[in-house]
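Quick notes on the structure that follows.
The values are calculated or read from the model by the stated rules, or taken from the named source; none is laboratory data. Predicted, not measured: the structure shown is a model, and the values here were computed from it. Ideal geometry is used to build each Cβ from the backbone, glycine not excepted, and the neighbour counts take in all protein chains shown.
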Amino acid sequence: MKILNIALAIIALIVIPLSLLHASWLAGPPQGRLELVAQGGIFQKPGDIDSDTPCPSARISHLQPHNFIANSVVAINFARSRRASKVEVIVRPTADGRLVLFGDAMLDCRTDGEGAVSHHPLEYLEQLDIGYGLTHDGENFALGGRGVGLMPSVATMLDQAGDGGIIYNFADDDPAQADMLVREYELAGEEMGDSVIVTGAPALLRRIGERFPEARLLDVAAAEACFDRYMRIGWIGRVPAECSGGFISVPLDRQWMIWGWPNRFNARMRAADIMPMIVRANNGDATLSGLETFDEISDVPQDFRGMLWLTDIDTMGPSIRS
């Protein structure tokens, strides 16, 4: 009995201080704000298809009650009206050294063009119909003709939508594309705003940092690694030094494991200038997966402050608390 009491006392001496160290309520009211991230703006929802379906990126679940197509200027602007704080856009290079917003490397599936985006000049790409191939059944193409001229250059996007809250997702890892982004801003006569985020390969991000010191650089693999490091050392209240000034990617199904979640965690990240972001999962392949259902949204703590990645800002955005 005496040994048992001693063991319980030792456990209490460990558990009680550890509990107090990570007690969320001791952190005080959360600082910062919730930022909703719309992936691609507002667009037609992708359909459930077999892996061998030709042109999977062109398959949509059904025609939405709008005609918005991902990465177009109208989709960006409307996403903002649906409470998006940030809008992720995919950028690709053209044959003449420009950058356009488009999700696929090839034109054949979703447009009336052919070949790789990077093999054509901007003038050709600007004339294409980006809704041409979108279909829910492979036979009906209701959006054909509605996407003509809607593949914008970055400069056009800056003219028509600005860069407030834009997340540039570079599909390629060529550092030279940082200089292309400089050119787009010069052509638009704009300076990069401090709310801009750039994500892509590490070498490209280093070059972006040199050309655009005001941009925040999101290395997805590093953000996932930051989560793993915090899980290893966060129990003593420490934040990994290598994460400072960056991002930490929190998978929704593992948030219950996090030391000090949510308020103490938020306070620690804020003190280290680390931006928390909730995603559906840490995929391990340098891609970001947004939340897809209302059930997933309901699992996000009321006190969370940081970026919340969403695949459907049109439906989910207005329903999420202010």
message = Contact list please: Cβ distance under 6 Å, first residue in the stretch 183-203 and under 14 Å from G165 (Cα atoms), second residue among the acidic types (D, E) and modelled with pLDDT under 95, pairs at least six apart or on different chains.
response = M192/E214; D194/E214
key: Scope the stretch 246-271; condition modelled with pLDDT of 95 or more and assigned to a loop (DSSP other than H, G, I, E, B); matching residues   = G246
inquiry  = From the list E184, E214, E210, exactly one residue is outside the structural domain of I248 (by TED's automatic domain parsing), part of a helix (DSSP H, G or I) and exposed (fewer than 15 other Cβ atoms within 10 Å of the Cβ). Which is it?
reply    = E210
task = Mind listing just one residue for me: the one in the stretch 233-245 that is surrounded by 12 or more Cβ atoms within 10 Å (Cβ to Cβ) and part of a helix (DSSP H, G or I) and, of those, modelled with the highest pLDDT?
result = C243
key: the stretch 95-110, residues that are buried (at least 23 other Cβ atoms within 10 Å of the Cβ) and assigned to a loop (DSSP other than H, G, I, E, B)   = F102, L107, R110
message = Suppose we filter T156, T135, T199 for residues that are of a type in the set (S, T, N, Q) and within 21 Å of L288 (Cα to Cα); which single one remains?
response = T199
task = Output the residue which, of all residues in the stretch 254-281 that are in contact (Cβ under 8 Å) with a residue 60 or more places away in the chain and among the aromatic types (F, W, Y), is nearest to V196 (Cα to Cα).
result = F265
